[in-house]
Structures are given as C-alpha cells and as structure tokens.
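Every number here is computed from the coordinates shown, using simple stated rules; none is lab data. These figures come from a predicted structure and were not determined experimentally. Cβ placement follows ideal geometry from the backbone for every residue including glycine, while neighbour counts extend to all protein chains displayed.
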Amino acid sequence: MDSYDLVVIGAGPGGYVAAIRAAQLGLNAACIEEEKALGGTCLRVGCIPSKALLESSERYWEARQELGRHGIKLGNVELDLAAMLKRKDTIVRTLTQGIESLFKKNKVTRYAGRGRILAPGRVAIEGDEAGEITAKHILIATGSKSAPLPGVEIDGNRIGTSTEALAYPEVPKHLIVIGAGYIGLELGSVWRRLGSEVTVLEYLDRILPGMDGELAAEALKTFKKQGLNFRLSCKVTSARVDEQGCVVDIEGQEAVRGDHVLVAVGRVPNTVGLGLDTVNVECGPKGRIMVDEQYATSVPGIYAIGDVIGGAMLAHKAEDEGMACVEQLVAGYGHVNYDAIPGVVYTQPEIASVGKTEEELKEAAIEYRKGVFPFVANGRAKALGQIDGRIKILANAETDRVLGVHIIGPRAGDLIAEAALAMEFGASSEDIARTCHAHPTLAEAFREAALNVDGRAIHI
Ligand code: NAI
C-alpha cells in the first residue's frame, strides 16, 4: 500500500495548490481527483471557461456596437459560435494539462478516482484505479456543486446549471436566469451579447447580495441599459419543459417562458460519499465542514479548505487556505487575511470589492469616511471609451486605515489588486493619496478616490 505525508482529495484551485506547496516544502504528497482533467470547477467548468466566453462575447458586442465610435468601420460581423466554444475548450485543455505538468515537476502523485476516507490516515480510491493509500495527513478540498432549487428539476439540457450555460450549441432565443449573483450576471451577459433575450429572476429586491449596495444599484442600471431584463423580489416555485420550451413559475406573478433556463442560486459543499460520517467529521450549517484556524476538522489528522468550509466560495480564497494549511503543518505558521480577499464580477463594466461594505460598517457601528471618484473624470477611461462607474474607498474615521474598496468600472478586477495590497499592508487613505500613480492610467482614479476621502480630489 502506498503511503504519503499528505493526501489531498480534490484537484481544484484549493487542492492542487496545496499539493504543490506541500511538495515544495518537502512532503511526499498525493492528490486524488475523480474527473479526468485536473483543475476542479474553476478550470473545467467555472472561472476559466466563463472568462473565455466573456472575453469573446465582449469582442463580438464591441465589433457590432462600439467600434464605430472609435472610427472603425467593419463589414458584416458574424458570430461563429462553434469556433468561440472551441477556443474556450482549448484554453481549458491547455490549463488543465498544465496542472498535470506541475504535478510531475513537483513530484506530486496523482490518483484518478473518487477518494473516500476510511479512517484517519486511510483513504480508499474508487473507480478504475481502485485501491487504498495511507497518509499522515488528509486534506479535503472537494469544493462545491450547484445548489438545487426546490421545484426545479435540472435536466442537463434545457434546464441546467452554469456547466450547460457554458456550452449551449446555439444562441438561446430567450434565456431565463434564476439568481442575480456572480454566475447569473456573468453568463447572462455572455448570452445577451451573443443575441439572446435574457430575463434574470431574483428572489431579493436587489442584485449581487453581499456586495456594496450602492454599486449593485449602479450595476443594475447598467445591465438594464445593456438589454438584460430583471424581475426582482420574485420567488421561483417551479421550472419545467413542455412542447414549446421552458416555463418558469413565479409565486403570485405571471410565469415566464423561454427556451433555456440557467439555475444559479448559489453553491453547496461537495461532501457526499467522502466518508465523513464513518469518521465522524463534524459538519455545520448547510453541510459545511467545521474547521479551526489551522483548518483542522474535529478528527485529528483530517483537514479541510476551500468551498467545503465556511466563507466566500472563491478560487483564490481556496488557494490561500490550501497554502496556509500546508505551511502550518510543516512550519507551524501560515495564515489567510480574511479582511483582504477581493471578489470580482467579470461583467462589463467589471465590479470588484475588497474589505467591508458601507452596510457592514454601519451595522458594526464603525465610523468611516468615504472617498469617491468617477471614471468619467479619468483621462484613460475617456480614451478607452469606458466612462461608466466609480471607485469608492472607505477609511476608518479615526485612524484613516482603509477598511473597504468598491469599484465598478473598466478593469475593476485588476484595479482591486492595488486595494487588496494596500489593505494587506494596513495602508491609510493618506498612504494611497501620497503614492505616485502613472498618468494616464485607470489607477489614477484610485488615488483620486483616496484624496477624496479628505475632500481634495484634483479632477472633480
Ligand atoms: P450567488 O450566491 O452569487 O448568487 C445567487 C443568487 O441567487 C442570489 O442573488 C440569491 O438571492 C438568488 N436566489 C437564491 N434563491 C433564489 C430563488 N429561489 N429564486 C431566485 N433567486 C434566488 O451564487 P452563484 O451566482 O450561483 O455563484 C455561486 C458561487 O460561485 C458564488 O459563491 C460565487 O462566489 C462563485 N462564483 C464566483 C465567480 C467570480 O469570482 N467571478 C464567478 C462565478 C461564481
């Protein structure tokens, strides 16, 4: 029987990064993954393919709607959806194969199959390469799966999750999206740009719950301008397929008809069949595995990170936890700063956030000052032709320490990195305001927002 220092179950961004980091630190590491391709939801059917389609669909939209404004005249612009999907698949293949190479380079042993914990230190591999291995430490990094919605039966064709919506073979005439969160808005945007009528049904009275309310309201206006239809405060009671297509029933409202339904109402931890009951690993609300600051579960020698534990279900959070967990095992230290984990919605414009929202600060009765700067007053945004949006910095009223940054606008997903770095170093808004920013860049808007915490922005 093969024996390891660490066996990781799941090769998503949390698991594969943990296995590589463990190998770097001198551990004999193995990783069990049931899917043929490594990389987890993020690489196979999540972050990466959706970004590939967002990029392609944006180019198509630009070619049809925007380039004329730049003085570029095009002939007939046509969509080759098959080529667009193939490009996405190639990107996914290259990246997932890249992880195989990284495993080889770092001497991480890969097991193809489903991992099931038999006892602390013992894991069964089920599938073609069935067997059993032993390990000093077991790390669960099995991620999450789409949350089901009562009354809605996923048929994997007309009514599906993000996996199906990343590969519709034809542009839907009318796509009904249930849930105005990250997935619903990103994939709703993709198909809207490619020509679908898109209706987003959201249970709450706002979109993007958890994100800064002011930005979410601005985003809603922008998405409506782009032609997405929204029905807020609506409770979906069922979705079904009949001869004419799909019907989605809403409590107290008229049903909506379309030809595809995307269910995007959140994700739930993926723990089924892992053997957690056998070894008595304690789980909390919504089936999430309970861990302490070292990512240790209630059973000695078994750890868990990423979407299967609490907190934001984000690839980069899982990566950081994977590294911190392994570093703690080997070196006794390693940590994740949960106050500085950025979140990005890759729509157009992008929406990005790090730290506390105004709502959270108010609820915690923390006094803050706010500096806002709109992209309309930024030279680079004008040159790009993307002037919608703004940057908002929230700083502690007493100490001036930055507590939160919220951006809606061009390249917000890249701009938020500077904010996360500033917060990681405990920066004040004054520190940012005193940092020289190249001209003309979008990042200047960040500095202007910092200046405006003190009401002294130059360009407005
Ligand atoms: P989400 O939690 O972002 O949004 C789900 C939305 O569905 C919420 O607005 C919720 O109020 C709504 N909802 C719930 N039940 C409903 C019902 N019965 N009827 C109508 N609306 C309902 O979840 P989403 O978009 O499915 O994404 C799942 C996870 O994947 C998230 O945790 C997100 O962090 C992650 N993700 C991250 C991305 C990124 O970083 N860019 C991209 C895609 C997903």
### Message
Just to confirm my numbers, what's the Cα centroid distance between the range 89-150 and the range 162-192 in Å?
### Response
29
### Task
Provide the packing ranking of 384-395, 113-124, i.e. peptides ordered by the mean count of other C-beta atoms within 10 Å per residue, highest first.
384-395, 113-124
### Message
If each residue of separation counts as 0.36 nm, what is the full-extension length gain between Q24 and K73 once their alpha-carbon separation is subtracted?
### Response
12.4 nm
### Message
Residues of the range 173-199 with the amide nitrogen closer than 19 Å to a label point 7 Å from the Cα of D80, along Cα-to-Cβ, please.
### Response
194-195
### Task
Grab the Cα-Cα distance for T222 and N337, subtract it from 0.36 nm times how many residues apart they are, and report the gain in nm with one decimal.
38.2 nm
### Query
Can you list the aspartates and glutamates whose alpha carbon sits under 16 Å from that of K370, skipping same-chain ones fewer than 8 residues off?
D212, E214, E358, E359, E360, E398, D400, E430, D431, E448, D454
### Task
Starting from the Kirkwood radius over alpha-carbon pairs of the range 340-452, derive D by Stokes-Einstein at 10 °C in a medium of 1.306 mPa s and give it in µm² s⁻¹.
116
### Message
Nearest 500 deg cm²/dmol is fine: what mean residue ellipticity at 222 nm does the chain get from its DSSP H runs of n ≥ 4 alone, each adding -39,500 (n - 2.57), divided by its residue count?
### Response
-9500 deg cm²/dmol
### Query
Say R0 is 41 Å: what FRET efficiency, to the nearest 0.05, do R401 and Y203 get from their beta-carbon distance?
0.70
### Task
Mind scanning K221/K382; K362/K392; K36/K286; K88/K317; K235/K362; K51/K392 and naming the pairs with a C-alpha gap bigger than 18 Å?
K221/K382; K36/K286; K88/K317; K235/K362; K51/K392
#### Entry: Charge tally in the Cβ shell below 12 Å around V453, where Lys, Arg are +1 and Asp, Glu are -1, V453 excluded
+1
### Query
How do the peptides 13-22, 145-154, 300-309 rank, highest first, by the average count of neighbouring beta carbon atoms within 10 Å per residue?
13-22, 300-309, 145-154
## Note on the structure
Protection proxy (average C-beta count within 10 Å per residue), highest first, orders 364-373, 199-208 as 199-208, 364-373
### Message
Beyond 26 Å, how much of the Cα-Cα pair distribution for the range 1-137 remains, as a whole percent?
### Response
40
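Largest first and in whole Å, give the semi-axes of the range 1-71's equivalent ellipsoid, each being the square root of 5 times a Cα gyration tensor eigenvalue.
Values: eigenvalues 349, 30, 7 Å².
They are 42, 12, 6 Å, listed largest first.
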### Query
Once the dipole of the range 192-238 is set up with Lys and Arg at +1 and Asp and Glu at -1 on Cβ about the Cα centre, which of T199, L232, A219 lies farthest towards its positive end?
T199
### Message
Using the basic label-point model (7 angstrom from Cα toward the beta carbon), what is the L232 to R434 distance in nanometres?
### Response
4.1
### Task
Please work out, to two decimal places, the log10 of the ratio I(q)/I(0) at q = 0.09, 0.13 Å⁻¹ from a Debye calculation in which every Cα of the chain carries one identical scatterer.
-0.67, -1.29
